[in-house]
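A.B. asks: Would you mind keeping the following structure in view while I ask a few things?
The values are calculated or read from the model by the stated rules, or taken from the named source; none is laboratory data. In this text the structure is predicted, and so the values were computed from the model without any measurement. Glycine also receives a Cβ, built like all others from the backbone with ideal geometry; neighbour counts cover every protein chain displayed. Heads up: the accessible areas ignore ligands, DNA and RNA and are worked out on the full protein's heavy atoms, side chains in. Shrake-Rupley method; radii C 1.70, N 1.55, O 1.52, S 1.80 Å.
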Amino acid sequence: MKQYFTLFLIAFISSISLLIAQETEPDYIEFNDRKNTVHGVYLGLSLHYGTIDKADTFISSLKVAYVANQQFEIGFVGTGFYTDLNQLGTDNPNKDLVGFYGGLHLEPIFFGKSKFNLSIPLLIGGGAAGLLNEDVFDDVTVEDDEWKGVFVFEPGVNLLYNINRYIQLEAGVKYRMSSNLSFRPEYSLNNINGFSVGIGVKLGVFNMGRNRYKQKI
């Protein structure tokens, strides 16, 4: 009899505990994915103004990149530039400098969750530069043997403004460092080093997922 009473008491206490647990249990599953990576991708266009060998230089760039957790970008960038050498009074006034370069784009981002961000873009790559020939008939050509290969390393600092999760504006300054090149005797240019300042726009999705902490059952 005592054994039956003990079993009944255990079963009763177990039933009460189960009922209390069911009444206090919320009707949702709680989880935390704040450590999950938030993905993003975008296409960016930028315009810069700078100098090469003290001559006005106009630069445009196109890049595509992946953004990890609004904290780091990795992608590819292509850049074209035009330098107005005529203003320097060179021996050959019909020569201007044109070129292109591209390569790996890396960009650490600070304060990525805020409306304004600070970033440090870096380009590592290469390309070519050539002297643009403008004759009296306004024909524009660049001779094959006038193209010079060049390695480019270009760090910078950008201020970013997030309009929304699809559009981002940027403004910043860069410094371009290149390997040596020579167009002697036509033009004594040793490299395409120089500062540039500019603005750009990025179009894409910078936050493909939103952090979720509760989900209804």
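A.B. asks: Tell me, which residue of region 187-200 that is open to solvent by 50 Å² or more (accessible area, probe 1.4 Å) and either closer than 12 Å to Ala129 by Cβ or of a type outside the set (Gly, Ala, Ser) (or both) is modelled with the lowest pLDDT?
C.D. replies: To start, the set of residues in region 187-200 that are open to solvent by 50 Å² or more (accessible area, probe 1.4 Å) comprises 188, 190, 195, 197, 199.
Next, from what is left, pick out any that are either closer than 12 Å to Ala129 by Cβ or of a type outside the set (Gly, Ala, Ser) (or both): 190, 195, 197, 199.
Details: Asn190: 88, Phe195: 95, Val197: 97, Ile199: 97.
Per the criteria, the residue is Asn190.
A.B. asks: Which condition number in (1) open to solvent by 50 Å² or more (accessible area, probe 1.4 Å); (2) at pLDDT 85 or above is the one that Arg184 fails?
C.D. replies: It is condition (2) that Arg184 fails.
A.B. asks: Could you list, in sequence order, all residues of region 61-89 that are over 17 Å from Ser178 (Cα atoms) and open to solvent by 50 Å² or more (accessible area, probe 1.4 Å)?
C.D. replies: The answer is Leu62, Val64, Tyr66, Gln71, Phe72, Ile74, Phe76, Asn86, Gln87, Leu88, Gly89.
A.B. asks: Looking at Lys174 and the list (1) closer than 28 Å to Val38 by Cβ; (2) surrounded by fewer than 16 Cβ atoms within 10 Å (Cβ to Cβ); (3) of a type in the set (D, E, K, R), which single condition is not satisfied?
C.D. replies: It is condition (2) that Lys174 fails.
A.B. asks: Please work out if Asn162 is modelled with pLDDT under 95, of a type in the set (S, T, N, Q) and closer than 30 Å to Gly40 by Cα. Don't jump to the end; show me each part of the working.
C.D. replies: Details: modelled with pLDDT under 95: yes; of a type in the set (S, T, N, Q): yes; closer than 30 Å to Gly40 by Cα: yes.
The answer is yes for Asn162.
A.B. asks: Follow-up. Under the condition of being touching a Leu at 6+ places or on another chain (Cβ under 7 Å) and open to solvent by less than 60 Å² (accessible area, probe 1.4 Å), which residue from region 110-122 is farthest from Gly156 (Cα to Cα)?
C.D. replies: Asn117
A.B. asks: Can you tell me which condition Asp53 does not meet? The list is (1) open to solvent by less than 40 Å² (accessible area, probe 1.4 Å); (2) more than 16 Å from Pro155 (Cα to Cα), and all the others hold.
C.D. replies: All conditions are met except number (1).
A.B. asks: Applying the selection to region 104-113, what residues are in a strand (DSSP E or B) and either touching a helix residue (DSSP H, G or I) at 6+ places or on another chain (Cβ under 7 Å) or more than 14 Å from Lys174 (Cβ to Cβ) (or both)?
C.D. replies: Kept after step one, since they are in a strand (DSSP E or B), are these residues of region 104-113: 104-110.
Those that are in a strand (DSSP E or B) and either touching a helix residue (DSSP H, G or I) at 6+ places or on another chain (Cβ under 7 Å) or more than 14 Å from Lys174 (Cβ to Cβ) (or both): Leu104, Pro108, Ile109, Phe110.
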